[in-house]
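This report refers to the structure that appears directly beneath it.
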Amino acid sequence: MSEVYNWQLGRKMAYPHEEAHPRWQFAFVFNINRCIACQTCTMACKSTWTFSRGQETMWWNNVETKPYGGYPHNWDSKLLGMLEKRNSGGQVWKTGQKGPEKPYGEFKGKTIFEAADTHLAPEGSQRAVGYIPSEQEWTAPNIHEETASGKIRQRQNWKDSVQLPEHRVWFFYLQRICNHCTYPACLAACPRNAIYKRPEDGIVLIDQERCRGYRKCVEACPYKKPMYNSATRASEKCIGCYPRVEGKDSALSPNGEPLETRCMSACVGKIRLQGLVEKEEDGTWTKASDSPLYFLIREREIALPLYPQFGTEPNGYYIPPRWAPRSYLHQMFGPGVEKALEQYCCPDRELLAVLQLFRASQEILFTYKILKGPKIGEVEATLPSGEKKTQELFNDTVLGFNKFGHEVVRVTIEEPTFERPGKHVNSI
Ligand code: SF4
Ligand code: SF4
């Protein structure tokens with residue numbers, strides 16, 4: 001085992017390979033608050049990549065309903081249980097010391113790699129604690145859809161159950177693709193060295209020629225994103241739509257402009273923003289306050305990693321749902337939840353402007369700029385403490401620029417409306 005630095009844990013951790021980092025890293029932000037579970041993202045992925053024989057149960061993108069749903073079933077609660085069993089009562093965060101290299105404090109528990117040291121599976125030692133889901137667990141990808149937790153106490157007072165800051169009766173949708181982790185468990189576990197992380201964009205791929213279908217990646221990935229193809233007898237996973245990220249779609253990016261993936265581009269709820277973040281040789285993120293992803297993830301810390309305690313340093317980040325119980329959100333996104341929600345519930349001018357860039361263009365936005373506009377109104381916001389606050393609204397305009405510095409999008413806070421002249425006669 002080597003020692004690598006995991007900034008999401010705020011400490012060094014054990015990992016089976018030497019530390020190495022790509023120049024740019026594929027990353028994304030999903031705003032859970034806006035998802036309507038239409039599954040357009042899921043179908044955009046399925047119809048592009050996984051429509052063949054052997055891929056029937058493969059959903060590289062899936063949207064599940066929390067707290068009961070999951071694909072494969074119970075993937076997260078099962079792994080949390082396995083880690084808790086190996087380090088009973090020790091899976092905790094120390095939130096006292098924070099800083100740029102430990103923004104969420106320090107995780108004092110054991111990651112999936114560290115907990116594996118003492119763990120012997122029936123077939124021998126494991127590089128990461130994990131399991132292979134059963135066939136049954138790979139059925140019904142949206143099981144328990146919209147099943148809420150909690151009870152309405154009195155029928156006539158049902159509204160009390162859905163008051164902010166926290167609903168007593170709640171569920172939310174969780175959108176999931178491969179996180180193209182900084183320290184991938186799939187890569188660490190592969191005995192054939194068939195999995196690699198691309199130095200140009202950090203996308204994690206399985207070499208279909210080298211793979212022999214041992215399914216060690218399926219077992220080790222805590223997010224259960226590698227999937228076994230029974231027709232080709234090899235494992236497959238989300239490929240981050242790399243031809244689009246490379247700017248190789250001749251119809252949409254004739255000059256080589258990097259594009260967002262299919263699932264991102266198709267998102268109806270405008271919850272998704274994907275891009276590439278620049279990294280230094282030692283893995284630290286190059287400071288770039290005018291990059292939308294850097295601003296949301298590193299500067300404002302409003303978007304948080306999914307289960308950072310697993311230790312793979314996932315590159316998918318989520319704006320947590322403001323109505324869900326905090327203890328559940330802490331377990332899922334770590335100790336940064338309060339800070340994220342504090343800002344999301346009453347965003348300032350800059351944050352509100354950057355949030356307009358979600359799904360505004362198919363091209364990856366590398367930088368943004370804000371043009372200030374006049375005040376257009378005030379709204380009342382409920383803060384996570386329950387306190388009410390008046391939020392001032394300004395009609396600012398946000399501009400988004402592609403890799404080559406060309407403006408590709410311009411959005412205002414106030415949505416423009418257009419009225420058709422009343423001459424049109426509707427027909428059936
Ligand atoms: S999410 Fe799973 S499959 Fe994707 S890179 Fe991380 S460990 Fe590998
Ligand atoms: S397309 Fe967007 S809104 Fe619809 S389910 Fe997917 S993430 Fe949610």
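Read-outs throughout are calculated quantities, based only on the coordinates presented, and are distinct from any laboratory measurement. Note that this is a predicted model, so its numbers are computed, not measured. Every residue, glycine among them, receives a Cβ derived from its backbone with ideal geometry; neighbour counts consider all protein chains shown.
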Item to check | Odd one out for residue 160 among (1) away from ligand 1 (no atom under 15 Å from the Cβ); (2) in contact (Cβ under 8 Å) with a residue 12 or more places away in the chain; (3) of a type in the set (Asp, Glu) | outcome: (2)
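Please verify whether residue 221 is within 14 Å of ligand 1 (Cβ to nearest atom), touching a His at 6+ places or on another chain (Cβ under 9 Å) and of a type outside the set (Asp, Glu), treating the condition exactly as stated.
So residue 221 fails the test.
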Next on the checklist: Among the listed residues 169, 129, identify the single one that is free of Cβ contacts under 8 Å to residues at least 60 places away in the same chain and within 25 Å of residue 323 (Cα to Cα).
Outcome noted: 169
Checklist outcome for this item: Scanning segment 343-363 residue by residue, those in a helix (DSSP H, G or I), out of contact with any helix residue (DSSP H, G or I) (no Cβ under 7 Å at 6 or more places or on another chain) and closer than 18 Å to residue 415 by Cα turn out to be 349, 350, 352, 353, 355
Checklist entry - Is there a residue being away from ligand 2 (no atom under 13 Å from the Cβ) and not in a loop (DSSP other than H, G, I, E, B) anywhere in segment 50-65? => result no
Checklist entry - Of the conditions (1) within 17 Å of residue 330 (Cβ to Cβ); (2) more than 16 Å from ligand 1 (Cβ to nearest atom); (3) surrounded by 18 or more Cβ atoms within 10 Å (Cβ to Cβ), residue 95 fails just one. Which one is it? => result (3)
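A quick yes/no check of all residues on (1) more than 30 Å from residue 163 (Cβ to Cβ); (2) in contact (Cβ under 8 Å) with a residue 60 or more places away in the chain:
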residue	(1), (2)
374	yes, no
381	no, no
386	no, yes
389	no, no
393	no, no
396	yes, no
403	yes, yes
416	yes, no
419	yes, no
Next on the checklist: Of the conditions (1) of a type in the set (A, V, I, L, M); (2) within 16 Å of ligand 2 (Cβ to nearest atom); (3) in a strand (DSSP E or B), residue 277 satisfies every one except a single condition; which number is it?
Outcome noted: (2)
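Given the condition of a type in the set (Asp, Glu), touching a residue at least 60 places away in the same chain (Cβ under 8 Å) and surrounded by fewer than 23 Cβ atoms within 10 Å (Cβ to Cβ), answer yes or no: does some residue in segment 300-308 qualify? Spell out how you get there, then give the answer.
Looking only at segment 300-308, we keep the residues that are of a type in the set (Asp, Glu), and these are 301.
Applying the additional criterion that residues be touching a residue at least 60 places away in the same chain (Cβ under 8 Å) yields 301.
Checking the rest, the ones that are also surrounded by fewer than 23 Cβ atoms within 10 Å (Cβ to Cβ) come to 301.
Yes: one or more hits.
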